[in-house]
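The values are calculated or read from the model by the stated rules, or taken from the named source; none is laboratory data. Keep in mind that this is a model prediction, so the values were computed, not measured. Cβ placement follows ideal geometry from the backbone for every residue including glycine, while neighbour counts extend to all protein chains displayed. Remember, those area values only see protein heavy atoms, side chains included, never the ligands or the DNA or RNA. Shrake-Rupley method; radii C 1.70, N 1.55, O 1.52, S 1.80 Å.
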Amino acid sequence: MKTDKNTVIGFVLLGILMFLYFWYTSQQQNAIIEMKKREEDSLAKVAAARMKLLDTVALKVDSLKRDSAVRVASAGSFTDAAIGQETVVALENDLVKVNLTNKGAQIKSVVLKQYKDAKEQPVELLNNSTLAYAINTAPAQSAGIENLYFTPGEIVKNADGSQTLQFKLASVNGQSVVHTFTLAPNSYNISWKLGMNGASQLLTNQQLNLNWNVATEQMERTSQYERQVSNICFSEDNEFDYISSNTDHTFEKPAQWVSVVQQFFNSTLIADNSFNSGSIKWARATDSSRSLANTTSSLQVKVPAAASVEIPFRFYVGPNEYEILSKQAPEMDKIINLGRDMYSFVRPINKYIIMPVFDFFASFVKNYGWVIFLLTLFIRLVTAPLTYSSYLSGAKMKALRPELDVLKKKMGDDQQGFAMEQMKLFREAGVNPLGGCIPALLQIPIFFALYSFFNSEIALRGQSFLWSADLSSYDSIASLPFSIPAFGNHVSLFTITAVLTSFLISIYNMSMTPTQDNPALKYMPYIFPFMLLFIFNSLPSALTWYYTVSNVITLLLQFVIQNYIIDHDKILAKIEAKRKAPKTKSKWQERYEQMVESQKKLQELKNKTNKK
C-alpha cells in the first residue's frame with residue numbers, strides 16, 4: 001500500500017493527539033489520587049484532633065469530678081454549698097452600683113457612676129479582689145468561704161431609703177453563716193455584717209482570719225505615674241500610717257481600717273470593733289501593663305465566745321474626697337496626701353489655707369483653670385509685703401552695683417579682701433544681701449503644698465483648660481516617637497511657659513546683682529530653669545499653670561516696682577546718709593568679718609611659706 005505525504009502527516013498528528021490525550025488523562029488521575037490522599041490525611045487529622053479533644057474533655061471532666069469531690073468532701077456539713085451556679089445581684093444608688101456574688105457572698109465589683117477611667121469607661125473598683133476566711137465544716141476539716149455558694153435573699157428596701165441584701169449559708173446540723181450588705185442612698189459606704197450561728201464550732205480559737213486580696217488597675221492617663229502615687233494606708237491604734245516604698249507591715253497594735261489607695265480613688269475595709277492583729281503585703285507592678293499593684297491583707301478579729309455573733313464591717317469604695325473621707329472613720333481624711341513625712345509641714349498650709357480658698361473660688365467660677373489663676377493671685381497678694389521688701393533690697397543692690405564693680409576691679413584676685421570690703425559697703429548702705437532670697441524661700445513651702453494638693457485634688461480630674469485636656473495630668477502638644485530619660489515621650493506647653501518665665505526672672509535677677517566670678521554661682525540661675533524642664537514635664541498641668549502665672553506676676557511686679565514705684569535717686573541718697581551715720585555692727589557681721597579676716601591672714605601666711 002502506497003502512502004503519500006499527507007497520509008504520513010495525518011498519522012503523526014493522530015499519534016501526537018493520542019499521546020497528549022493519554023498524558024492528560026494520566027495527570028488528571030494523579031491529581032485525583034493526590035486529592036483523595038489529602039482528604040484522607042485531613043480526615044485522619046480531624047479524627048486525631050477529635051480523639052485528642054475527647055481525651056482532653058474526659059480529663060477535664062475527671063478533673064472537675066475530682067475537684068467537685070474534693071469540694072464536697074471539704075464542705076462537710078455544708079454539702080449543698082460545695083457546688084453551685086454563680087449569681088450576681090446588684091445594689092444601686094445614684095453614686096455606685098455594687099455587684100454582689102453568691103460565691104463567697106462578697107463584693108464582685110463596684111462601679112462609680114460619676115467617674116470615667118482613662119478609656120472613658122465607668123470607674124470600676126474591687127473587680128479583681130477576693131475576701132476569704134476559713135470555717136470548720138466538720139471535725140478536723142475546713143473550707144474557704146470564697147469557694148462556697150451562699151443562698152441570696154431578696155433585696156429589701158428600708159424606710160430610710162437604704163437597700164439590704166442577705167446571703168445565707170446553712171449546714172445540716174443547724175450552723176449558719178450570714179453576710180448582710182446594706183447600701184444607703186447617696187453613699188459610697190457599704191455596710192457588711194458577718195453573722196454566725198454556732199461560731200464556737202465554726203471558728204478555731206474564736207478567731208476570724210480574714211484574707212483580703214486586691215489587685216488595682218490603671219484609671220488615669222499613665223499607669224507609671226499612677227503607680228508612683230499609689231500606696232497602702234491604715235489606722236493602727238487610731239493613728240494614721242502608710243506604706244509606699246516598703247512592701248509589708250505587721251500590726252503590733254489593733255488596726256481600725258486598711259485602705260488600698262490609688263491616685264484619686266480608694267477601697268477601704270473598716271472594722272467597727274477593730275482588727276486585733278494582722279499584716280499587709282503589697283508590691284507595685286513593674287511592667288508596662290495596666291496593673292498598678294497587688295495587695296494581700298491578713299487580718300484577725302477575736303470573736304466573742306457566744307453561740308451567735310455578729311461582726312460589723314464596712315467598705316468604703318469611692319473617690320478621695322476630703323469632706324467625704326473625714327466622715328467615714330477617724331484619720332481617713334489623711335488618705336489624701338496633703339503633705340507627709342519630711343513634707344508634713346505643708347499639710348496645715350493645704351488644709352487651712354489652700355483648700356478653703358480653692359473651694360471658695362470654685363463655688364462661683366466654673367472653669368478650674370481660672371480658679372487656679374485666682375488662687376495664684378491670692379497667694380501673691382498674701383506674700384506681697386515680704387516680696388516688696390525683697391524687691392527693695394534688690395533695687396539697693398542694683399544701685400550699689402557700679403561701686404561693687406569698681407571695688408572688684410581694685411581688689412583683683414583677692415577674693416577674701418573683696419568679700420570684706422563688700423560687707424563693709426553693704427553695712428554702710430544698710431543693704432541685706434540675703435533680702436532677695438525671700439521670694440525663693442517663700443516658693444519652697446508653697447510649691448510643695450501645691451504639688452501635694454494638685455496631685456490629690458479630684459475636682460481637677462478631667463477638667464480641661466486652654467490646651468490641657470486634664471488639669472490633674474500633664475498637658476501635651478506633641479508626642480515623641482521615643483522616650484527621653486527623666487523627660488518622657490511628650491512635650492508639655494505649660495512646662496515650657498513655666499521654664500521660659502523662670503529663665504526671664506533669672507536674667508532679670510542677674511542684672512540686679514554683682515558680677516560673679518564663681519562659675520557655679522554665675523551659671524546656676526540659667527541651669528535651674530533647664531532642670532525644671534525635666535522636673536515639670538510629667539507633673540499635673542495645674543501645677544505648671546500655677547507656676548507660669550506666678551512667674552508672670554513676678555516679672556510684672558518687678559518691672560512696675562523698679563520703674564514706677566522705687567525712686568533710685570532717693571535710694572542713693574539714703575545709702576549716702578547711711579554711710580555718714582554712726583556705724584553699728586550686728587553680731588553676725590562681726591563674726592563674719594572675723595572669719596574672713598582670719599582666712600585672709602591664713603592665706604597670707606601660706607603665700608609667705610610658699611615664697612620661702
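Considering (1) within 25 Å of V123 (Cβ to Cβ); (2) open to solvent by 30 Å² or more (accessible area, probe 1.4 Å), say which one K168 fails and leave the rest.
That leaves (1) as the condition not met.
What single numbered condition from (1) within 20 Å of L208 (Cβ to Cβ); (2) in a loop (DSSP other than H, G, I, E, B); (3) not acidic (D, E) fails to hold for N246?
Single failed check for N246: (1).
If you take the residues in the range 96-106 that are in contact with a strand residue (DSSP E or B) (Cβ under 6 Å, 6 or more places away or on another chain) and in contact (Cβ under 8 Å) with a residue 24 or more places away in the chain, which one is nearest to T151 (Cα to Cα)?
Checking each candidate, the answer is N102.
Against the conditions (1) modelled with pLDDT under 85; (2) surrounded by fewer than 18 Cβ atoms within 10 Å (Cβ to Cβ); (3) touching a Phe, Trp or Tyr at 6+ places or on another chain (Cβ under 8 Å), where does N509 fall short? Just the number, please.
(3)
Kindly indicate the residue of the range 343-377 that is among the basic types (K, R) and part of a helix (DSSP H, G or I) and also farthest from the chain's Cα centre (by Cα) among those meeting that condition. Steps first, please.
Of the range 343-377, the ones among the basic types (K, R) are 347, 351, 366.
Within this subset, residues satisfying the condition of being part of a helix (DSSP H, G or I) are 347, 351.
Details: R347: 18, K351: 20 Å.
Residue satisfying both the conditions and the ranking: K351.
Scan the range 147-154 and tell me whether some residue there is crowded, with 16+ Cβ neighbours inside 10 Å, touching a residue at least 24 places away in the same chain (Cβ under 8 Å), within 22 Å of L299 (Cα to Cα) and of a type in the set (A, V, I, L, M, F, W, C).
Yes, some residue in the range 147-154 is crowded, with 16+ Cβ neighbours inside 10 Å, touching a residue at least 24 places away in the same chain (Cβ under 8 Å), within 22 Å of L299 (Cα to Cα) and of a type in the set (A, V, I, L, M, F, W, C).
Which ones in the range 273-295 are in contact with a helix residue (DSSP H, G or I) (Cβ under 9 Å, 6 or more places away or on another chain), open to solvent by 40 Å² or more (accessible area, probe 1.4 Å) and of a type in the set (S, T, N, Q)?
Passing the criteria: T286, S288, S289.
Of the conditions (1) within 24 Å of A134 (Cβ to Cβ); (2) free of Cβ contacts under 8 Å to residues at least 40 places away in the same chain, Q228 fails just one. Which one is it?
Failing condition for Q228: (1).
So in the range 86-95, with the set limited to residues that are touching a residue at least 24 places away in the same chain (Cβ under 8 Å) and within 23 Å of N213 (Cα to Cα), which one is least open to solvent (accessible area, probe 1.4 Å)? Steps first, please.
Of the residues in the range 86-95, the ones touching a residue at least 24 places away in the same chain (Cβ under 8 Å) are 86-87, 89, 91-95.
In the following step, the residues that additionally are within 23 Å of N213 (Cα to Cα) were identified as 86-87, 89, 91.
Values: E86: 78, T87: 60, V89: 31, L91: 2 Å².
Checking each candidate, the answer is L91.
For the range 220-237, which positions are assigned to a loop (DSSP other than H, G, I, E, B) and touching a Lys or Arg at 6+ places or on another chain (Cβ under 9 Å)?
Step one: filter the range 220-237 for residues assigned to a loop (DSSP other than H, G, I, E, B), giving 220-222, 230, 237.
Those that are assigned to a loop (DSSP other than H, G, I, E, B) and touching a Lys or Arg at 6+ places or on another chain (Cβ under 9 Å): E220, S230, D237.
Of all residues in the range 277-302, count the ones that are in contact (Cβ under 8 Å) with a residue 60 or more places away in the chain and not in a strand (DSSP E or B).
Count: 4.
What's the total number of residues in the range 244-302 that are farther than 21 Å from Q228 by Cβ and of a type in the set (D, E)?
2
Collect the residues in the range 110-131 that are crowded, with 16+ Cβ neighbours inside 10 Å and of a type outside the set (F, W, Y), keeping them in residue-number order.
V110, V111, L112, D117, A118, V123, E124, L125, L126, S129, T130, L131
Looking only at the range 132-146, which residues are open to solvent by less than 40 Å² (accessible area, probe 1.4 Å), under 15 Å from N211 (Cβ atoms) and not hydroxyl-bearing (S, T, Y)?
A132, I135, A143, G144, I145
Please work out which residue is farthest from the chain's Cα centre (by Cα), limiting yourself to the range 454-473 and to residues that are open to solvent by less than 30 Å² (accessible area, probe 1.4 Å) and over 18 Å from V365 (Cβ atoms).
Across the range 454-473, the extreme among qualifying residues is S473.
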